[in-house]
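The values are calculated or read from the model by the stated rules, or taken from the named source; none is laboratory data. Just so it is clear, the structure is predicted and the values come from calculations on it, not from any experiment. We place every Cβ from the backbone using ideal geometry, glycine too, and count neighbours over all the protein chains shown. Note: accessible area is taken over every heavy atom of the protein model, side chains too, but ligands, DNA and RNA are not part of it. Shrake-Rupley method; radii C 1.70, N 1.55, O 1.52, S 1.80 Å.
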Amino acid sequence: MKKIYLSLLCGLMLGTSCTKTADKGSAALTACNGPIAKDTTWKTLTLREKIGQTMQIIAKPLDQAAMGGGSLKGFMEKYPVGSIFIADWYIKENYKPKDPLTVLPEILKEYNDNSKYPLLVSEDFERGIGETYSKYTHLPVGMSLGAANDTALAYDSEQAIAMEAREMGFNWLLHPVSDLNMNPIQELVVERSVSDDVNKALPILKSQMHGLHSKGVISTIKHFPGDGVTMRNQHIVTTANSLSKEDWDNSFGKLFKGLIDGGAASIMVGHIQLPAYQTQKINGQLPPATLSKELMVDMLKNKFNYRGVIITDALNMGGCAGYYKNELEVSVQCFVAGADVVLWPDVAYMDTVEARILRGEIPMSRLDDAVERVWAMRERFGYNTKENQQIATPMTDADKAFVKKTGAAVADKAVTIVENSDNLLPIKAEDGKRIALIEVGEQMTVEKFAVTKRELESRGFSVDILDNPHFYSWGWRIDSLNSYDKILVCFENRYFHPLGTCLLKDKESFAVWTANMLDPKKRIAISYANPYALEIYEGIVPTKINAYSIDTFSQKSVVKILTGELQATAESPVRLNRDELK
């Protein structure tokens with residue numbers, strides 16, 4: 001969208017206070033705590049159209065066309081939703097063998113053609129579009145931005161993601177991750193977060209947010225009230241931010257307030273309790289933020305004067321289950337408690353909310369509050385009218401070059417030498433060219449480190465990749481591995497790989513066992529995900545590197561640092577060498 005929407009934001013809002021941002025590109029941005037929109041079109045919406053603005057459903061075009069009597073037109077007439085989430089797994093499964101990238105434009109056009117107002121189209125894309133759609137770019141992850149510690153690069157990185165997102169037709173992204181990774185065995189946050197320190201994280205996150213906004217993409221800071229303190233995973237069970245009031249105020253409270261004051265467009269509340277600030281219970285238990293009026297209304301909307309949109313985390317997660325009888329009732333109660341948009345509700349949510357409003361069980365003021373907030377966000381970014389709307393914005397060659405340049409710049413500045421106490425770095429082929437690369441990770445393939453292999457071999461090394469070498473298979477011939485001149489032990493154990501723990505199990509543990517039987521003076525331990533893995537599993541190794549991300553850019557930067565072509569300047573964005581890891 002045109003940047004004028006953002007520069008005129010304060011003029012479009014009534015009764016709000018606005019401050020100019022200080023980040024790169026701030027000439028096109030004004031941070032506002034809106035949302036009293038000048039456009040009052042939302043008041044003319046029908047009851048079902050209003051409820052539709054509070055829903056972000058998964059786009060399931062084949063299923064939903066069937067619900068509409070054989071067409072999406074029929075579905076959208078019956079269920080006039082305001083936003084959709086494009087789940088790549090649905091597209092890939094139901095349209096194979098077609099390329100999802102050829103199907104997606106047709107799907108988005110059909111949804112938009114049958115929507116009265118422009119649809120808000122969403123995805124996460126925390127690591128860039130290329131992790132999901134191979135045509136596009138897999139960029140370094142959030143902790144890479146924290147390690148690079150460069151607000152201009154953070155801004156550029158999100159501009160790059162926004163450019164590719166807009167070319168595909170996405171205009172609302174569910175990031176940046178604004179959690180603080182305070183617990184090293186917290187499996188869900190880990191390298192997705194920028195840092196464990198609010199003072200390091202806040203300026204980077206503001207720049208990420210503004211980078212998305214500068215390209216007309218709505219940002220989402222998540223997961224309020226802040227994840228990363230306990231070890232629980234909200235996909236499985238309700239988790240908690242267990243800090244005291246004082247500690248929360250000085251960390252997560254400061255972070256979210258700073259982002260709100262900086263112009264946060266939407267905030268995702270997580271399935272996370274905040275015991276220090278909660279007293280109201282459901283079935284004897286403190287509810288997660290997604291079901292808590294105390295956290296959504298009393299704190300965010302009133303205490304923090306947040307006037308943007310509150311969206312829940314996904315409602316199919318275990319962290320919000322069990323407080324009510326089923327997922328449908330959970331989605332309705334999230335809305336009742338103060339959420340403005342519920343993520344992934346069943347369409348029966350619309351029917352249920354409609355019936356309860358008509359019966360007077362849910363006040364119309366609750367719905368109007370939510371819809372006005374959504375409408376103000378639409379107006380802010382120019383998505384309140386179909387006039388001059390363009391579903392997708394093609395990238396120029398200059399845009400594409402900018403994306404690649406940005407990815408490389410972030411990686412070069414992010415890769416961190418954690419330890420080089422034996423001065424093993426840099427390595428040179430003339431001193432020994434045979435390298436064994438030991439992969440440690442649940443979902444590993446030889447192709448995962450193909451870039452590293454290619455880059456090293458182009459510099460004269462010979463590289464053999466060993467995928468999770470099992471000690472039971474290698475124990476009797478372990479000495480054969482000592483014939484290699486150097487051994488790279490490469491970790492890529494990120495969240496959901498597998499679900500359930502950030503610590504290693506089964507074949508990953510056996511791979512580390514194998515590696516740890518080898519000469520530590522030959523070993524170089526490198527983590528392409530969890531920054532704490534090296535301290536936990538490779539503490540004795542004198543040469544350690546954190547790369548945070550498995551993308552092509554990061555692999556290339558690691559090779560340049562290994563060979564001395566690039567001097568590492570980054571410092572760890574999180575505290576390592578913790579007592580609890582020893």
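Could we say that MET209 is of a type outside the set (Ser, Thr, Tyr) and not in a loop (DSSP other than H, G, I, E, B) here?
Taking the combined requirement at face value, the residue satisfies it.
Out of the residues in the stretch 505-521 meeting the condition of being among the charged types (D, E, K, R) and outside any helix (DSSP H, G or I), tell me which one is farthest from VAL141 (Cα to Cα).
ASP519
Can you name every residue in the stretch 234-255 that is out of contact with any helix residue (DSSP H, G or I) (no Cβ under 8 Å at 6 or more places or on another chain) and either open to solvent by less than 10 Å² (accessible area, probe 1.4 Å) or in contact (Cβ under 8 Å) with a residue 24 or more places away in the chain (or both)?
The first filter runs over the stretch 234-255 and keeps only residues out of contact with any helix residue (DSSP H, G or I) (no Cβ under 8 Å at 6 or more places or on another chain), leaving 246-247, 249, 253.
Listed by number, the list holds a single entry, GLY253.
Pick from VAL330, VAL309: which is more than 29 Å from ALA162 (Cβ to Cβ) and open to solvent by less than 20 Å² (accessible area, probe 1.4 Å)?
The conditions single out VAL330.
Quick check on the stretch 522-544. Is at least one of its residues open to solvent by 30 Å² or more (accessible area, probe 1.4 Å), of a type in the set (D, E, K, R) and in a loop (DSSP other than H, G, I, E, B)? It would help to see each step written out before you state the result.
Here is the first cut: in the stretch 522-544, the residues open to solvent by 30 Å² or more (accessible area, probe 1.4 Å) are 522, 535-537, 539-540.
After this cut, where a residue has to be of a type in the set (D, E, K, R) as well, the list is 522, 535.
Now restrict to residues that are in a loop (DSSP other than H, G, I, E, B): 522.
Looking through the stretch 522-544, at least one residue is open to solvent by 30 Å² or more (accessible area, probe 1.4 Å), of a type in the set (D, E, K, R) and in a loop (DSSP other than H, G, I, E, B).
Sort out for me the helices (runs of 4 or more DSSP H) sitting completely within the stretch 394-504 that have 3 or more residues that are among the charged types (D, E, K, R) and within 23 Å of SER557 (Cβ to Cβ).
The helices (runs of 4 or more DSSP H) meeting that bar are 397-414, 450-457.
Which members of the stretch 165-197 meet the condition of being among the β-branched types (Val, Ile, Thr), at pLDDT below 95, part of a loop (DSSP other than H, G, I, E, B) and buried (at least 24 other Cβ atoms within 10 Å of the Cβ)?
Correct list: VAL189 only.
Counting only residues that are in a helix (DSSP H, G or I) and out of contact with any helix residue (DSSP H, G or I) (no Cβ under 9 Å at 6 or more places or on another chain), which one in the stretch 352-369 is most open to solvent (accessible area, probe 1.4 Å)? Working first, answer last.
Taking the stretch 352-369 as the starting set, the residues that turn out to be in a helix (DSSP H, G or I) are 352-358, 364-369.
Then drop every residue that is not out of contact with any helix residue (DSSP H, G or I) (no Cβ under 9 Å at 6 or more places or on another chain), which leaves 355, 365.
Details: ALA355: 34, SER365: 81 Å².
My answer is SER365.
Would you mind finding the one in ASP479, ASP506 that is farther than 22 Å from GLU191 by Cβ and surrounded by fewer than 20 Cβ atoms within 10 Å (Cβ to Cβ)? Reasoning before the result, please.
Details: ASP506 fails: farther than 22 Å from GLU191 by Cβ.
ASP479 is the lone residue from the list that is farther than 22 Å from GLU191 by Cβ and surrounded by fewer than 20 Cβ atoms within 10 Å (Cβ to Cβ).
Check off (1) closer than 14 Å to VAL141 by Cβ; (2) under 19 Å from the mean Cα position of the chain (by Cα) for ASN546 and give me the number that stays unchecked.
(2)
Looking only at the stretch 425-443, count every residue that is small (Gly, Ala, Ser) and closer than 18 Å to CYS490 by Cα and tell me the total.
2
Of all residues in the stretch 375-393, which are assigned to a loop (DSSP other than H, G, I, E, B) and either open to solvent by 20 Å² or more (accessible area, probe 1.4 Å) or of a type in the set (Asp, Glu) (or both)?
Correct list: ASN384, THR385, LYS386, GLU387, ASN388, GLN389, GLN390, ILE391, ALA392, THR393.
Quick one: in the stretch 127-154, which of the residues that are over 20 Å from SER557 (Cα atoms) and either among the small types (Gly, Ala, Ser) or open to solvent by less than 30 Å² (accessible area, probe 1.4 Å) (or both) is modelled with the lowest pLDDT?
This residue is SER134.
Can we say ALA160 is part of a helix (DSSP H, G or I), buried (at least 24 other Cβ atoms within 10 Å of the Cβ) and either at pLDDT 95 or above or among the small types (Gly, Ala, Ser) (or both)?
Yes.
May I ask you to list the residues in the stretch 312-327 that are in contact (Cβ under 8 Å) with a residue 24 or more places away in the chain, part of a loop (DSSP other than H, G, I, E, B) and either crowded, with 22+ Cβ neighbours inside 10 Å or within 24 Å of the chain's Cα centre (by Cα) (or both)?
Once the filter is applied, which keeps residues that are in contact (Cβ under 8 Å) with a residue 24 or more places away in the chain, part of a loop (DSSP other than H, G, I, E, B) and either crowded, with 22+ Cβ neighbours inside 10 Å or within 24 Å of the chain's Cα centre (by Cα) (or both), the stretch 312-327 yields LEU315, ASN316, MET317.
Filter the stretch 287-298 down to residues that are surrounded by fewer than 24 Cβ atoms within 10 Å (Cβ to Cβ) and touching a residue at least 24 places away in the same chain (Cβ under 8 Å) and give me whichever is farthest from SER266 (Cα to Cα).
LYS293
List every residue pair whose Cβ atoms lie under 9 Å apart, where the two residues are 6 or more positions apart in sequence or sit on different chains, the first residue falls within the stretch 27-52 and is closer than 17 Å to MET364 by Cα and part of a loop (DSSP other than H, G, I, E, B), and the second residue, located anywhere, is of a type in the set (S, T, N, Q) and modelled with pLDDT of 95 or more.
LEU45/GLN53
Does VAL103 fit the bill of being of a type outside the set (D, E, K, R), farther than 22 Å from LYS413 by Cα and either in contact with a Cys (Cβ under 7 Å, 6 or more places away or on another chain) or open to solvent by less than 10 Å² (accessible area, probe 1.4 Å) (or both)? I'd like the intermediate steps shown before the answer.
Values: of a type outside the set (D, E, K, R): yes; farther than 22 Å from LYS413 by Cα: yes; either in contact with a Cys (Cβ under 7 Å, 6 or more places away or on another chain) or open to solvent by less than 10 Å² (accessible area, probe 1.4 Å) (or both): yes.
Here the answer is yes, as VAL103 does meet what is asked.
Filter the stretch 237-262 down to the residues that are assigned to a loop (DSSP other than H, G, I, E, B) and among the aliphatic types (A, V, I, L, M) and list them by number.
If the condition is that a residue be assigned to a loop (DSSP other than H, G, I, E, B) and among the aliphatic types (A, V, I, L, M), then VAL237, LEU243 are the ones that fit.
Output yes when any residue across the stretch 113-123 is of a type in the set (Gly, Ala, Ser) and surrounded by 24 or more Cβ atoms within 10 Å (Cβ to Cβ), and no when none is.
Among the residues of the stretch 113-123, at least one is of a type in the set (Gly, Ala, Ser) and surrounded by 24 or more Cβ atoms within 10 Å (Cβ to Cβ), which makes the answer yes.
Restricting to the stretch 70-98, and then to whatever is open to solvent by 80 Å² or more (accessible area, probe 1.4 Å) and in a loop (DSSP other than H, G, I, E, B), can you tell me which residue is nearest to ASP351 (Cα to Cα)?
Taking the candidates together, the pick is LYS96.
Only one residue in GLU447, GLU457, GLU430, GLU439 is surrounded by fewer than 22 Cβ atoms within 10 Å (Cβ to Cβ) and within 22 Å of LYS507 (Cα to Cα). Which one?
Going through GLU447, GLU457, GLU430, GLU439 in turn, the sole match is GLU447.
In the stretch 299-315, what residues are of a type in the set (A, V, I, L, M, F, W, C) and within 16 Å of ALA264 (Cα to Cα)?
Hits for the stretch 299-315 are MET299, LEU300, PHE304, VAL309, ILE310, ILE311.
When you go through ASP351, ASP298, ASP340 one by one, which is the residue that is of a type in the set (D, E, K, R) and within 24 Å of the chain's Cα centre (by Cα)?
One residue alone meets the criteria, ASP340.
Which of the numbered conditions does GLU372 fail, given that it passes all the others? Conditions: (1) among the acidic types (Asp, Glu); (2) assigned to a loop (DSSP other than H, G, I, E, B); (3) at pLDDT 95 or above.
Status for GLU372: all satisfied but (2).
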